[in-house]
1. Multiply the residue separation of Arg268 and Thr307 by 0.36 nm, subtract the distance between their alpha-carbon atoms, and state the gained length in nm to one decimal.
2. Could you work out the helix-only [θ] at 222 nm for the chain, with each DSSP H run of four or more residues adding -39,500 (n - 2.57) and the total divided by the number of residues, to the nearest 500 deg cm²/dmol?
3. Can you list residues from other chains, or at least 5 along the same chain, whose modelled amide H is less than 5 Å from the amide H of Cys42?
4. Please work out how many pairs of lysine residues in the chain are eight or more positions apart (or on different chains) and have Cα atoms closer than 28 angstrom.
5. Do any GluC sites (Glu not before Pro) in the stretch 31-79 lie in a DSSP loop with no more than 16 other beta carbon atoms within 10 Å, and if so, which?
6. Subtract the Cα-Cα distance of Arg240 and Arg151 from 0.36 nm times their separation in residues, and report this length gain in nm to one decimal.
7. Taking the Cα centre as origin and putting +1 on Lys and Arg beta-carbons and -1 on Asp and Glu beta-carbons, what dipole magnitude results for the chain, to the nearest 20 debye?
8. Charges on Cβ only, +1 for Lys and Arg, -1 for Asp and Glu, centred on the Cα centroid of the stretch 273-358; of Gly320, Ile274, Leu303, which one is farthest towards the dipole's positive end?
Amino acid sequence: MTTRLPLPTPTLPPPRVDGAEQLIDTHGRVARDLRVSLTDRCNLRCTYCMPAEGLEWLPTELSLSDDEVIRLITIAVTRLGIRQVRFTGGEPLLRRSLEEIIAATSALRTDEGRPVATALTTNGLGLPRRLPGLKKAGLDRVNISLDTLDRERFTRLTRRDRLADVLEAVDAALAAGMHPVKVNSVIMPGVNEDDIVPLAEYCLARGAQLRFIEQMPLGPRDKWKREDMVTAGQILDSLRTGFELTPAEEPQGTAPAALWNARGVDKRELTGSIGVIASVTRPFCGDCDRTRLTTDGAIRTCLFSRTETSLREMIRGGAGDDDLAAVWAGAMWGKLPGHGIDDPGFLQPDRPMSAIGG
Ligand code: SAM
Ligand code: SF4
């Protein structure tokens, strides 16, 4: 496994302000990965993410229009060095124009002259019928969230009886040749720890890449307690009851998941890699290459930022691309070295995960 080094002392000059910068911060990190939230709404109500009644949704007029989102993505790619764009939410499939936004993104070329890599993080509801259009639009990769294989548990966890639809989505993505299809699982104490080994078996049997994510303090405030959370270490311990695990040799780079090669103890035919994202117990801020755009047009340099920079009123006030790029670069320049989530004094941001874009 890679050892994460502390961030170096800032030595860089401030960014240029002519709109042709990279997104660099004072610690020398360069953002290449843009996460775009396309809606804060969702058709599930995962208990770790949202309350049963949902949230106070953003009024439509405060959300970026398709043209505004596409303009900001274009600036990020053509002027600010972004090379991968991931669409998320809320549930991004609820955005009717998702295919058009992906098509416009896929048509862009990066600073290296390559097509932008596009990815989608989704709960999978309705994905099978949208897949042909999404592929045609140029979607490269898909991550599907699935926290349990047990129907009753799924219904309790997401407050909707839709497990069959999510399983259908995983199969459809695999059949459509999306590669790799990643499955994201959040493990909650006393809720779905029993699913760790079955989820691994399910993914390895199909050739999907499973990534367990430590639950983060970004949902309802009473749903996360540091002392109760299931840690990456505990997830690995559970996995070892069914699998031999060896650290994968491929470098982790800027990817948040530490990868393990797994082989079934009894089911020897089950082999493949499994990722564990230790966002809380082993933060990867030193390698972070992300920047985020919320549904209402705010730049966030970190999931856990307590401040953000809105570009929406600038766009609506007639700002030019140079000015927008300069403000984005300036926001990035001020990115903090870490989110402090591993610190007992950590304060949860005001926006929940679904409104930031996970
Ligand atoms: N609705 C889509 C989905 O569920 O994949 C996209 C948005 S969701 C906010 C993105 C990812 O964040 C999902 O994999 C979800 O499981 C994860 N997530 C949500 N709340 C979380 C939390 N409190 N801690 C860790 N992961 C969380
Ligand atoms: Fe919806 Fe995704 Fe949040 Fe679940 S995790 S409530 S699917 S936004």
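1. Gain on extension, Arg268 to Thr307, equals 9.1 nm.
2. Details: 10 runs with 97 residues, N = 358.
Calculated mean residue ellipticity at 222 nm is -8000 deg cm²/dmol.
3. Those lying under 5 Å, H to H, from Cys42 are Glu91.
4. 7
5. Taking the stretch 31-79 and a limit of 16 other Cβ atoms within 10 Å, the loop GluC sites (Glu not before Pro) found are Glu53, Glu56.
6. Additional length available on full extension: 29.6 nm.
7. Values: 46 positive and 49 negative charges, 71 e Å.
The calculated dipole for the chain is roughly 340 debye.
8. Going by the charge dipole, the pick is Ile274.
Each value in this text was obtained by applying a stated rule to the coordinates, not by laboratory testing. Bear in mind that the values here come from a model prediction, so they are computed numbers and not experimental data. Cβ atoms come from the backbone with ideal geometry, glycine included; neighbour counts cover every protein chain shown.
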